[in-house]
């Protein structure tokens with residue numbers, strides 16, 4: 001195959017000798033030689049048209065396809081370059097240079113899977129195998145990155161679809177859900193507790209003067225709500241009727257609450273301890 005090599009220096013040049021007598025049609029060879037002349041004069045658009053005319057007259061003219069693809073690649077018209085080298089691959093399916101070129105072009109357009117498809121065609125006994133092996137290693141890394149990006153994008157999209165925002169609180173901290181599926185939210189800044197119904201509507205549940213910096217919330221088996229009253233150093237208990245009581249005193253800066261069985265667990269930030277209290 002008489003291939004014209006593009007060298008990227010200050011300007012790119014086709015390494016071509018004087019016009020050669022080809023086994024192709026006379027008209028095809030004429031357009032081919034015109035393409036060389038246009039190229040050497042820096043008239044790349046005209047060179048492209050000439051090479052296109054050449055392959056139109058003779059669709060088996062491999063050299064014309066190669067030069068056309070090389071110019072497209074230089075101009076970063078990678079999809080057009082892929083089309084040209086794909087034509088060569090159909091005409092000469094075992095040509096390793098064409099296979100590697102297609103692999104490189106698919107990589108440039110971000111299609112790593114197709115780049116791997118072509119590079120895997122190069123066998124260990126091929127003279128170009130060392131280059132193919134190096135490219136494959138690079139593509140494998142790129143493919144893993146692309147898969148990670150797609151996975152993250154899918155997660156983000158799923159999160160957006162499944163997310164709903166309830167924003168009627170001031171400094172929301174602890175949350176807990178009762179046996180009916182109603183969500184309760186401690187609002188630290190305005191010393192309030194809100195409840196959010198399954199339909200998303202929220203209501204003020206308690207704004208007692210006994211509340212002072214509510215943070216942690218937890219329900220027991222009887223739907224009694226326990227509140228870590230951070231600023232007042234105590235634990236409050238609110239029954240199902242909404243009555244509020246001081247349940248425990250002298251808990252310094254209670255923060256997180258959890259109920260497991262008959263036990264209430266309290267993180268006491270002021271003393272750097274965890275308190276366990278038996279409820280029943």
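Values in this text are rule-based calculations from the coordinates and carry no lab data. Values in this document were obtained by computation on a predicted structure and should not be read as measured data. No Cβ is skipped: glycine too gets one built from the backbone with ideal geometry, and neighbour counts run over all protein chains shown.
Summary table below
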| quantity | calculated |
| --- | --- |
| Nearest-0.05 FRET efficiency for residue 146 and residue 190, computed from C-beta distance (R0 51 Å) | 0.60 |
| Helix-derived mean residue ellipticity, 222 nm - over the chain, DSSP H n ≥ 4, -39500 (n - 2.57), to 500 | -13000 deg cm²/dmol |
| Degrees, to the nearest 10: 78-91 long Cα axis against longest axis of the chain | 50 |
| Computed lengthening from residue 158 to residue 220, 0.36 nm per intervening residue step minus Cα-Cα distance | 19.0 nm |
| Burial order of peptide ranges 84-93, 62-71 (average beta-carbon count within 10 Å, highest first) | 62-71, 84-93 |
| Whole-angstrom gap from the range 245-263 to the range 88-147, using each part's C-alpha centre | 64 |
| Acute angle (nearest 10 degrees) that the helix 62-74 long axis makes with the longest principal axis of the chain, alpha-carbon atoms | 40 |
| Förster radius 51 Å - calculated FRET efficiency between residue 138 and residue 177, Cβ distance, rounded to 0.05 | 0.50 |
| Helix axis angle, 26-40 relative to the chain longest principal axis, alpha carbon, degrees | 60 |
| Among [x] 41, 31, 17; [y] 78, 20, 16; [z] 29, 23, 18, the entry that matches semi-axes √(5λ) of the Cα gyration tensor in Å as calculated here | [y] |
| Nearest-0.05 FRET efficiency for residue 199 and residue 231, computed from C-beta distance (R0 25 Å) | 0.15 |
| Order by protection proxy (mean Cβ within 10 Å, highest first), peptides 263-276, 110-123 | 110-123, 263-276 |
